[in-house]
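Here's the structure, in structure tokens; my notes come after.
Each value in this text was obtained by applying a stated rule to the coordinates, not by laboratory testing. Everything quoted here is computed from the prediction, not taken from an experiment. Cβ coordinates were reconstructed from backbone atoms using ideal geometry, including for glycine residues, and neighbour counts include every protein chain displayed.
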2 protein chains.
Amino acid sequence: MKSITTTSYSIHFNLDAFNALNAHLEEHTYSTIFIMVDENTHEHCLPAFMSQITGDYAFEIIEIESGEENKNIETCTGVWSALSELGGDRKSILLNLGGGVLTDLGGFVASTFKRGINFINIPTTLLSMVDASVGGKTGVDLGPLKNQIGVINQPQMVLIVPEFLQTLEARQIESGFAEMLKHGLIKDKNYWGELKKITSYKEMEAHIHDSVIIKNDVVTIDPTEQNLRKILNYGHTLGHAIESHYLESEELPTLLHGEAIAIGMILEGYLSYKLTGLPKSELEDIKETFLGRYKKIEFTEEGIKSILKLLIFDKKNSHGNINFVLLKSIGEAVYDIKIKDELFSEAFSYYKE
Amino acid sequence: MKSITTTSYSIHFNLDAFNALNAHLEEHTYSTIFIMVDENTHEHCLPAFMSQITGDYAFEIIEIESGEENKNIETCTGVWSALSELGGDRKSILLNLGGGVLTDLGGFVASTFKRGINFINIPTTLLSMVDASVGGKTGVDLGPLKNQIGVINQPQMVLIVPEFLQTLEARQIESGFAEMLKHGLIKDKNYWGELKKITSYKEMEAHIHDSVIIKNDVVTIDPTEQNLRKILNYGHTLGHAIESHYLESEELPTLLHGEAIAIGMILEGYLSYKLTGLPKSELEDIKETFLGRYKKIEFTEEGIKSILKLLIFDKKNSHGNINFVLLKSIGEAVYDIKIKDELFSEAFSYYKE
């Protein structure tokens, strides 16, 4: 697959990815090359990764614990300390080998260590390949509030090696696929039509490149999310609140990011039907597609209340208003839509139906 | 005094400062205006500050504990949480009213809260007026390692109101003056000559503007410290290590930043005499001037060892080499000078003589 060039760096695929990395490491004389992994990528991805490195470098490996619950400042402090103790300096580079939690956190750690060192992201989940690989958002959670702390900063390059997906559980792959479906919903009706028929992981893999192009086009026009980039948050305003609610609770089961935003996309689809003219048939198509792929969740009244409370902390709000991205139709999104409170419970009722 | 324009913002003085602030707050409809203070500026500076605000705004005050020992990630977490709980969003602004610890930390908190909100610095110490006000360095310490975590990011504006200095202890003002003397040493022999004769605080105040111009000229040429900006670190390589050593120890008395770099400037003056041709007479002038103003410190052999160990963590090093800024003569600095270990103990011996 052809490399994709963003405003400031390139995204390389498959064998090209390793060629680009090897060339980069050869050109730059980094003082130390750090690789951050979690216990999963340490075992399942690092050996394959290392076998592709042609130069003779002394790598320092830093392992963090996997999971959204570790995407916090305490983990950052551990990594900053490890970088210091292992002699990291301004000429060091950090290679982030892992899913979105790891690349978001690693990007933030690198952007703030000694006021910024170089980093390269090597996403190992479908979600991070299609989403976290473009746009430079880095950051960690603050308590239950997702991505509350972070900066926008670009890596030196992103390497996408779909081979790593073979180490993933099916549920993780389906979770990432929700973001790809979102790309269809907000930007390209045909793409949505194509994707929703997909059943095999091989076919999903084949479309990673398309999804990255859609996201990159949006982010290139509006890198700092002043306007157009907001459409990428479709499904995320309610989706994040649902995800936070599940993360906070000790009784509720784990809900993956894609699973949460799949629900968010149904709920916000309903809001779109009520407010921005999304045809009823398209709303039903959205609901059917997501419920066909992701398990339906039973929300209690109390649960919904907690979720709506978390909404007001969402970073995309300003002046106390809650701003939504909605659809005019499948393939066309609008942003900065303010919503009245009573519509939320209607949306949840529609989801429950 | 005339406002000074940097690459991206202005530094306003005295009454102009409040006029600029009032105009800024009027032009921008911030959702929430946060003011960060410490217990000292809360009591001694905030009332005077508030009395100059002409618009009718609801301010939220966030207080942190003063002192370098609180310039850490735990304090940041407290402020990030307070910002979240008080409804801070992307359209909020943070006004940092305090010394260098507070403006460095506040700048970092603002730059990373929801991936970056606006901030304005109102330095209240001489040190922060002449040093932290320009250049966009933000950050906090990691354990004893100074400014290990941070970003380079510019405030909306900086307000310098020397009136606030009246609330400072004499020792704090002398500490800030060390940075002004440094400006003479690295850039302007006449300025050094003028400053070293100064005895009254009024005269020091009158030269703040000159020092800010010197620093701004340097930073404008090299904002990210690739080359020329390094000269601002004169005295800081050894000075920071000395400061860290004192900060780490529970037995040693407090050593202020300016006091530490004053020692650093004597030590690095000696290295300059040995390596880059600083005339003996100028070295003696430097030593005499600083020892005339700052108490001589008794270093033990063990203390010196610890300080040299801390040196290798200094963020300005790369590839394990220790890079120094040295003087060819008073008013002319050179950077990226590598030093052999044995010279350090000679330098300390010279300081002790």
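Points worth noting:
- Here's the list of aspartates and glutamates a cross-link from A:Lys230 could span, going by alpha-carbon distance under 17 Å and ignoring same-chain residues fewer than 8 apart: A:Asp131, A:Glu179, A:Asp188, A:Asp217, A:Asp222, A:Glu268, A:Asp314, A:Glu332, A:Asp336, B:Asp89.
- Shortest-first distances to equivalent copies, position A:Ser349, nm, label 7 Å out along Cβ: 8.9
- Summed residue charge, Cβ within 10 Å of B:Asn153's Cβ, Lys/Arg positive, Asp/Glu negative: +2
- Loop-resident sites, segment A:152-192, for GluC sites (Glu not before Pro), counting at most 13 other Cβ within 10 Å (DSSP): A:Glu169
- Each 5 Å bin, from zero up to the one with the longest distance, holds this percent of the alpha carbon pairs of segment A:170-352: 1, 8, 18, 22, 21, 17, 9, 3, 0.
- Its residues counted as N, the protein assembly as shown yields a C-alpha radius of gyration over 2.2 N^0.38 Å of 1.03.
- One equal scatterer on each Cα of chain A, no solvent, Debye formula: the resulting log10 I(q)/I(0) at q = 0.06, 0.07 Å⁻¹ is -0.21, -0.28.
- Under 5 Å, built H, 5+ apart or other chain: amide partners of A:Asp38: A:Ile64
- Of all lysines in the structure, the ones whose alpha carbon falls short of 16 Å from that of A:Lys274, not counting any fewer than 8 places away in one chain, are A:Lys287, A:Lys328, A:Lys338, A:Lys340.
- Label-point distances for A:Glu169 to the equivalent site in the other copies, using a point 7 angstrom along Cα→C-beta, read 5.7 nm when ranked shortest first.
- About its Cα centre, segment B:185-332 has a charge dipole of approximately 340 debye under the convention of +1 per Lys or Arg Cβ and -1 per Asp or Glu Cβ, with nothing else charged.
- Assuming charge only on the beta carbon of Lys and Arg (+1) and of Asp and Glu (-1), the dipole of chain B about its Cα centre is about 1140 debye to the nearest 20.
- Copies compared at A:Glu26 - label distances in nm, ascending, label defined 7 Å from Cα in the Cβ direction: 6.2
- Pairs of Lys residues in segment B:4-167 are counted when their Cα atoms are under 15 angstrom apart and they lie 8 or more places apart or on different chains; the count is 4.
- Table column - 3J(HN,Hα) (Hz), segment A:36-46, Karplus curve with 6.51, -1.76, 1.60, x for Gly and Pro: 9, 9, 10, 4, 6, 6, 4, 7, 9, 10, 4
- Taking trypsin sites (Lys or Arg not before Pro) across segment B:161-239, the ones in a DSSP loop with at most 11 further Cβ atoms lying within 10 angstrom of their Cβ are B:Lys197.
- Once C-alpha pairs closer than 8 Å and six or more residues apart are averaged by separation and normalised to the residue number of chain B, the relative contact order reads 14 percent.
- When the alpha carbon gyration tensor of segment A:145-214 is reduced to an equivalent ellipsoid, its three semi-axes come out at 22, 17, 14 angstrom, largest first.
- Global form of segment A:4-167, assessed from the alpha-carbon gyration tensor, a/c cut-off 1.5: rounded
- Relative to the longest principal axis of the Cα atoms of chain A, the long axis of helix A:280-293 lies at roughly 50 degrees.
- DSSP-assigned coil residues among GluC sites (Glu not before Pro) in segment A:232-304, each with at most 11 further Cβ atoms within 10 Å: A:Glu250, A:Glu251, A:Glu298
- Taking Lys and Arg as +1 and Asp and Glu as -1, the other residues whose beta-carbon sits under 14 Å from that of B:Ile221 total +1.
- Interchain or long-range residues, amide H under 5 Å from B:Phe119's placed H: B:Leu94, B:Gln156
- Helical contribution to [θ] at 222 nm, DSSP H n ≥ 4, -39,500 (n - 2.57), averaged over chain A, rounded to 500: -14500 deg cm²/dmol
- Relative to the dominant Cα principal axis of chain A, helix A:208-221 is inclined by about 80°.
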